[in-house]
Every structure is written in structure tokens, then in C-alpha cells.
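S.K.: First the structure, which I've put down as C-alpha cells, then a few questions once you've had a look.
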Amino acid sequence: MTDLAIEIRGLVNRFGNQIVHENLDLTLPRGQIVGVVGGSGSGKSVLMRAILGLRPPQGGDIQVLGRPVTGIPDRDTHLRESSGVLFQDGALFSSLTVAENVEVPLKAHGRGLTSVLRRQFATLKIRLSGLPLAACDKYPSELSGGMRKRAGLARALALDPDLLFLDEPTAGLDPIGAAEFDDLLKTLQQALGLTVFLITHDLDTLYTICDQVVVIGERRVLTVGPLNEVERFDHPWVQQYFHGPRGRAARRQG
Amino acid sequence: MSSPPQLDASPDRGRCWTASGSWTVRHAAALSETLDQLRIDVERIDATQIERLDSAGAQLLSRFVRRLGLDLDTVELREDHRALFDAVVDVDSRPPSEGGRNGALIAWFEGVGRSTIDFFQDLRLLLGFLGQTIATGVLILFHPHRWPVTATVHHIQQTGLNAMPLVALLSFLVGAVVAFLGATVLRDFGAELFVVDLTTYAFLREFGVLLTAIILAGRTASAFTAQIGTMKSREEIDAIRTIGLDPFVLLVLPRLIALLIALPILALVAMVAGLAGGMLVSSFSLDIPGQLFLDRMSATVQLHHFLVGMVKAPLFALVIAMVGCMEGFKVGGTAQSVGERTTSAVVQSIAMVIVIDALAAVFFTEIGW
């Protein structure tokens, strides 16, 4: 087995004439929380969708956990079983309760689990995500934004994936809720040995839980590395990002 | 690639059993069955030989250990599995605080009760909604600058003019069908001419306005609900309120007034189209020329037949607009709720239109019109 979680070579993504990524290279090791930052429209979400095989890129080669992603059909069970995704607002299925939502991946890839066992594992994931047991039988519309994110996280963790993708998990949460979510993520990452691909605008999240930071801009990866190296990187956007008033405040606390 | 999970006795180590293989969700089904059937007498479990452990496996292992009556400390684990195992045990051993789930029969009764209460609450809401609309309407009656003229004209075009081809075509076809049906029965009695009476009575009194109302209930009530519902779910209605405007003036009144104007006109179009359909069938397949059809019509039809039909038009307009708008306001936060409310608006308005029409038919027959 390879030690690399994600390996991208020469990725090209285009929307019509608009080029989002051009010759983007990125390698990420296993077992770390990687924060992905970049200006609005720099293609963070497009990159995530490309890695997940949701959007076939116009060029380049993507390997996830040592297997190629490009050009394979949707039914690649290896990728689906070894990765979990938390979309921005949870993307919970609105017609199902929280527990049923978490059971969906278990049903799809669970290999003959009985309904009792499925329920048992789903309940475990929901409680690991810090939700009360009473939330199991609630519908997504009955939950607050923070609880929806936790429920989405529980569903992403349903199959104990090696790789976890999070798209702005703390956006729309209050500072206390965001800090709790960060703690939860760190705890789960250590307990389950996850590799986390975390798109975020939240500087506090970057400073408190991320082992590595990837900065995306100018259609490529500007720099990768631990936070203290990245924030010294000589690029106007990076300097403005980390040394603006918000960046300074977050660094003081972090 | 991953070996199945196993649990074996290790004879050389006394009453100690060794767990090995990969204890993951992949193998959980078989593993759970094996563990449930296992009745063993052990002191310790050596889990250091486990290659892969995930939270499902950790839960099964911890529950198994507890069922054997062993202390969780007696499980020997690899260092990198310890954190996961502890996290799972911690969460799993907290007392569950689950609210009891009811049986199917009780749930069914609960459902019946809920729908009954919902029905009466809906009725009360509808009356309240109607009252608020009328109150708002009276309030701005004396402030012409607040009249939503532009919006009203827009909705007259949307609900009236744009629906006219559809209403005319469908009424024309139904008129033709009614004439055909009448002809097949009346021909046996040599009374083909009465097809004229049948078609005119049916369309002036009932079908013209009823068809229009049903078409508009499907076409317009759903549109009202979807429009207002989308605004509600994106908090646009709250925005209107915080700016100090009245959503009833901006959203409900224009739609109601537009429908009050458009529906009678459309009903008139439907009557004419239906009669035209009947006339066409009569002249081509019953040998009743158009002139004879019109003569017979003016000889038998009285004004009150037309009025019986038209007097229902504003009532139907009121029902369709009120139900459509109110369901829109009932939309909650989700996209799914917009769909649910739209369906409910169409079902409710069609049902109410037909019920009102039936009651009106009884009433007008009783008073001899």
C-alpha cells in the first residue's frame, strides 16, 4: 500500500473558455488534516469534485490511495468505500431521518449487514459525531445548521473511510459551534486515523487543527506545507491572507 | 486482500483467546453472528494480532467483551488501535436517552388524530388568511398610491391571457364530446335537436366555469404556491416585512384581484368555446346546421342559466387564490416542502371547487333557477 493519500499530476479543469486549473500538481500523505485555502473562485471545490470523480477533468492524472480516479465510472466501489464527503450544508437526504441517512452507505456497501447491526453502527457514528441520541429519528429540516453538519459528518464516517473530504465545515456556524466542530474533527481524526481534505475559509480552523496547508491560486497550487512555512511564503495573496487583521487575530489565539 | 476476522483459543496461554484478521465493517455481518453464538470461558482477550480495526469492529469487540462479563481492561490492543477503541467504548457506554418508539397500531391512531387536527387547523388558517386579506384590502382601499397595480396587471396576464388558449381548446374539445355523447343517446328517440339544449345547459350552467376553475386550480394555484413558497424558503418574505412592507399587499392582493378578474373572463371564453365545439359536432355529424343550432339556443336558453354559471366564477377565483397563496406561506425551510405544499394546493383547490360546485347545483335547483 502506498503512503500517499492523494497524488495529482498535471490536472486541467476548464469551464468553456474559463480555465480553473492548469497543470496542477499536488501530493498529500496519509493520516493528516490538510487545509485547502484560496480566494473565492480559485477552484477549491472543483478540485475536490475532481478528486472524488464527480467531475471528469480535461486533463491530468489523479490517484487516490494509489488507484487512478480519472476515467473510471461512477461505480468505483473502492473510492466510494474508502472516502466520505461532507458537503457544505450537509446534503442530507431530506426525506430520510438522520439515522436512515447514516445507514444509506452501510446499505449500499455493507455486505449483508442486518438491519439491527446497521442501526447499531449508525447510532454509534451519530454519537461519535457528538449528536444526542434523540437526533436519530429527526428529519434534517428539524435540525439546526450545526447539527446538520454533525449528521453529515456521521454519514461521511459511516463506512470508516480512510479519506474524509470536508467542504467548508465551519461556514455558517457560530464561533463556539465552529470550535467544537474543530475539536470533534481532531479527536475523530486521531481516533480513526483519518486523512482529512478540508476546504475552509476559517483561519481559526487552519491554526488549530491543520497539519498541512495547501494554497490554491493562479490556476495551480501556490504552496504546500506546514502552516508556519506557508505563512512566510512570498506571494501577495498569501501575505494578505495570513497577515491581514483576521489572520493576525487567529494566529494570536492559535 | 484483507483476511477475515478470527477469534481463536490460544492453548499455550491459559484462558486467553486471540483475535486476529481485519475487524472491519466489511466483515461485520459474519463477525457479529459468530460472536453472538460464541459461549466461551475466558479471562483475557489478546487483540494485538488484529490487522485492521475500525469503529464497527471496535464496537462489536467491546460489546462481546462486556457480554462475557469481562472488564474492558482485559483486552490487549495494539497501541495505534487503543485510541479508536477507547473512543468507541466511551460513546457506546453512555446511557442511551432514547424516547420510546410506538407500535404500529398506536402510530396509526396517532396519524388519524394528527390529520383530523390538521384538517380543522387548516380550515381555521384558511378563514384567518381570508380575513387578513380582506382586512388588508379594505385598509389600502383609501390609499390609492399603495394599490399594487403593476403586479395585478402582471398576474392578469399570467393567469388570464396566457391561460386562454389552453382553456379555449380544452373547453372546445369537451363541448364536442358532450355533443357526441348526447347524440348517441338522443338519436334513438329521434330527438337529435335536443343536443343543442344539452350542450348549452351544460356549458352555461356548469362546465364552462367548472372546467376553467379546474384548469386554473392546476395551473395557477400551483404557480402561486411555488412562487410564494420559494420566496418564503429564501427568507424573502421576512425581508419584505423587515423593510416595512406588507406581504399581503405585495403578494396576495395582486394575485387575488387578478384571478377575480381573469377567471370570469376565462369562464366566458370557455362557454363560447364549448358551445362552438358542440355546434361543430352537430353540423357535421347530426345534420343540425349552425343557423338551426343558434335559433334553437335563443329559443330555449334564458339569461338566468348564464348567471347561474357566472355567479360561481368569483367564488372559485377566491378559493383558488386563497388556497394557492396560503399554501405558499406555509412552506418551511426546505426545497422538499415547496413541492409538498404545491401538491397540497392543487389537491385542496380542485376538491373545494368541485364541492362548492355541487352545493351550488343543489341550491340553484332548489330555488328553481
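S.K.: Is it fair to say B:GLY324 is under 30 Å from B:ILE237 (Cβ atoms), part of a helix (DSSP H, G or I) and not hydrophobic (A, V, I, L, M, F, W, C)?
M.R.: yes
S.K.: Would you mind stating whether A:LEU206 is in a helix (DSSP H, G or I) and either crowded, with 21+ Cβ neighbours inside 10 Å or touching a residue at least 40 places away in the same chain (Cβ under 8 Å) (or both)?
M.R.: yes
S.K.: Sort out which residues of the range B:12-58 are small (Gly, Ala, Ser) and in contact (Cβ under 8 Å) with a residue 40 or more places away in the chain, and write them in order of number.
M.R.: Scanning the range B:12-58 gives B:ALA19, B:GLY57.
S.K.: Can B:ILE156 be described as modelled with pLDDT of 95 or more and either part of a loop (DSSP other than H, G, I, E, B) or of a type in the set (A, V, I, L, M, F, W, C) (or both)?
M.R.: Yes; evaluated as a whole, the condition is true for this residue.
S.K.: Evaluate the following for B:LEU72: is it more than 12 Å from chain A (Cβ to nearest Cβ), touching a helix residue (DSSP H, G or I) at 6+ places or on another chain (Cβ under 9 Å) and modelled with pLDDT of 85 or more?
M.R.: In short, no.
S.K.: Which one of these is within 14 Å of chain A (Cβ to nearest Cβ) and surrounded by 17 or more Cβ atoms within 10 Å (Cβ to Cβ): B:VAL331, B:VAL323, B:VAL319?
M.R.: Testing whether each residue is within 14 Å of chain A (Cβ to nearest Cβ) and surrounded by 17 or more Cβ atoms within 10 Å (Cβ to Cβ) leaves just B:VAL331.
S.K.: Limited to the range A:77-98, what total is found for residues that are on the phi < 0 side of the Ramachandran plot, outside any helix (DSSP H, G or I) and out of contact with any strand residue (DSSP E or B) (no Cβ under 6 Å at 6 or more places or on another chain)?
M.R.: Residues meeting the conditions: 7.
S.K.: Among the helices (runs of 4 or more DSSP H) confined wholly to the range B:200-315, which include 2 or more residues that are surrounded by 16 or more Cβ atoms within 10 Å (Cβ to Cβ) and not assigned by TED's automatic domain parsing to the domain that holds B:VAL355?
M.R.: It comes to none.
S.K.: Output the number of residues of the range B:339-350 satisfying the condition of being crowded, with 20+ Cβ neighbours inside 10 Å and farther than 16 Å from B:PHE316 by Cβ.
M.R.: 2
S.K.: Within the range B:178-191, how many residues are more than 25 Å from B:VAL362 (Cβ to Cβ) and either among the polar types (S, T, N, Q) or surrounded by fewer than 17 Cβ atoms within 10 Å (Cβ to Cβ) (or both)?
M.R.: So the count comes out to 7.
S.K.: Are any of the residues in the range A:173-195 in contact (Cβ under 8 Å) with a residue 60 or more places away in the chain and assigned to a strand (DSSP E or B)?
M.R.: yes
S.K.: Residues being outside any helix (DSSP H, G or I) and either without any contact (Cβ under 8 Å) to a residue 60 or more places away in the chain or of a type in the set (Asp, Glu) (or both): count how many of those fall in the range A:146-172.
M.R.: Going through the range A:146-172 one residue at a time, the tally reaches 5.
S.K.: If we keep just the residues of the range B:351-369 that are touching a residue at least 24 places away in the same chain (Cβ under 8 Å) and within 24 Å of the chain's Cα centre (by Cα), which is surrounded by the fewest Cβ atoms within 10 Å (Cβ to Cβ)?
M.R.: B:ILE354
S.K.: I've got another one for you. Could you look through the range A:98-131, keep only residues that are over 23 Å from the mean Cα position of the chain (by Cα) and not hydrophobic (A, V, I, L, M, F, W, C), and pick out the one that is nearest to the other protein chains (Cβ to nearest Cβ)?
M.R.: A:GLY112
S.K.: Okay, moving on. B:GLU235 is checked against (1) on the phi > 0 side of the Ramachandran plot; (2) touching a Gly at 6+ places or on another chain (Cβ under 6 Å) and fails just one. What number does that condition carry?
M.R.: Only one criterion is unmet by B:GLU235, namely (2).
S.K.: Same structure again: Going by what's in this entry, would A:VAL214 be described as within 25 Å of A:SER82 (Cα to Cα) and β-branched (Val, Ile, Thr)?
M.R.: Against the criterion (within 25 Å of A:SER82 (Cα to Cα) and β-branched (Val, Ile, Thr)), A:VAL214 qualifies.
S.K.: Could you check how many residues of the range A:109-145 are among the hydrophobic types (A, V, I, L, M, F, W, C), in a helix (DSSP H, G or I) and touching a residue at least 12 places away in the same chain (Cβ under 8 Å)?
M.R.: Looking only at that region, the number is 6.
The values are calculated or read from the model by the stated rules, or taken from the named source; none is laboratory data. Quantities reported herein were computed from a predicted structural model and do not represent experimental measurements. Glycine gets a Cβ as well: all are built from the backbone with ideal geometry, and neighbour counts include every protein chain shown.
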